[in-house]
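The values are calculated or read from the model by the stated rules, or taken from the named source; none is laboratory data. What you see is a predicted model, and the numbers here were worked out from it, not measured in a lab. In this analysis, Cβ positions are derived from the backbone assuming ideal geometry, glycine residues included, and neighbour counts consider all displayed protein chains. Surface areas here come from the heavy atoms of the whole protein model, side chains and all, with no ligands, DNA or RNA. Shrake-Rupley method; radii C 1.70, N 1.55, O 1.52, S 1.80 Å.
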Amino acid sequence: MTDTLEVGTAVAVPADTTFKWFTDFSHYPRFMRSVEQVFPVEGHPGRFRFVYTLAGIPRRYSIDVTADPESRTLDWVSVTGPRHRGHAVVTPDGPDAATVTLELDLELDSLTDRIAQALGLIATRAKADLRRFAHFTESVHNAADPAEAEEIADGGASHRTPLQWLFDAVFPTDERSS
């Protein structure tokens, strides 16, 4: 079963800057609730591995990405893990604002996936992740100086729960070796 989901959010940052941050996957764990790590796959330009948790269980998937800075679009398709594809566009809303619109085509194979979609949990998570992206981008963009911006981008409070930290300590994973 395939389902399409569309969500968007306003960002009080110029469109080009918003697009730059949206295409920097290394920062996704800062605003995507379940994402723990994102890194490029060696030998595959444009492919990224995502490590995430679902119900406390570490999982992973890889996507092939195509970004077009001129049109401020980002397209991806999964090559491993849960099957999905997506399209994101960043549109200017004046000189200092943008809207990020995300369209996801999800292959809902499991009963759990279909229930989560029926209850609106996937849409709720996507909307919340986009809101956290907007807050993250605005915070970095509006930082008082470059050192503060770097601190916001590279650090700050984690959204991970103590149980997630404990699970990782008991069952460590090194996804780079797989």
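Return a yes/no flag: does region 74-92 have any residue that is under 20 Å from the mean Cα position of the chain (by Cα), over 17 Å from Arg33 (Cα atoms), acidic (Asp, Glu) and modelled with pLDDT of 95 or more. Yes, because at least one residue in region 74-92 is under 20 Å from the mean Cα position of the chain (by Cα), over 17 Å from Arg33 (Cα atoms), acidic (Asp, Glu) and modelled with pLDDT of 95 or more. The set of residues from region 1-22 being among the small types (Gly, Ala, Ser) and either surrounded by fewer than 16 Cβ atoms within 10 Å (Cβ to Cβ) or not in a helix (DSSP H, G or I) (or both) comprises Gly8, Ala10, Ala12. Pairing each residue of region 110-131 that is under 18 Å from Met32 (Cα atoms) and open to solvent by 100 Å² or more (accessible area, probe 1.4 Å) with any residue that is hydroxyl-bearing (Ser, Thr, Tyr) and not in a helix (DSSP H, G or I), provided the two are 6+ apart or on different chains, yields C-beta distances under 7 Å for Arg131/Thr9.
When restricted to residues that are open to solvent by 40 Å² or more (accessible area, probe 1.4 Å) and under 13 Å from Ile63 (Cβ atoms), region 33-44 contains 2. Looking across region 60-76, not a single residue is outside any strand (DSSP E or B) and open to solvent by less than 30 Å² (accessible area, probe 1.4 Å). In region 133-164, which residues are at pLDDT 75 or above, of a type outside the set (Gly, Ala, Ser) and open to solvent by less than 60 Å² (accessible area, probe 1.4 Å)? Once the filter is applied, which keeps residues that are at pLDDT 75 or above, of a type outside the set (Gly, Ala, Ser) and open to solvent by less than 60 Å² (accessible area, probe 1.4 Å), region 133-164 yields Phe133, Phe136, Thr137, Glu138, Val140. With the structure loaded, tell me whether Tyr52 is surrounded by 16 or more Cβ atoms within 10 Å (Cβ to Cβ), over 17 Å from Leu104 (Cα atoms) and of a type outside the set (A, V, I, L, M) or whether it fails that test. Yes; evaluated as a whole, the condition is true for this residue.
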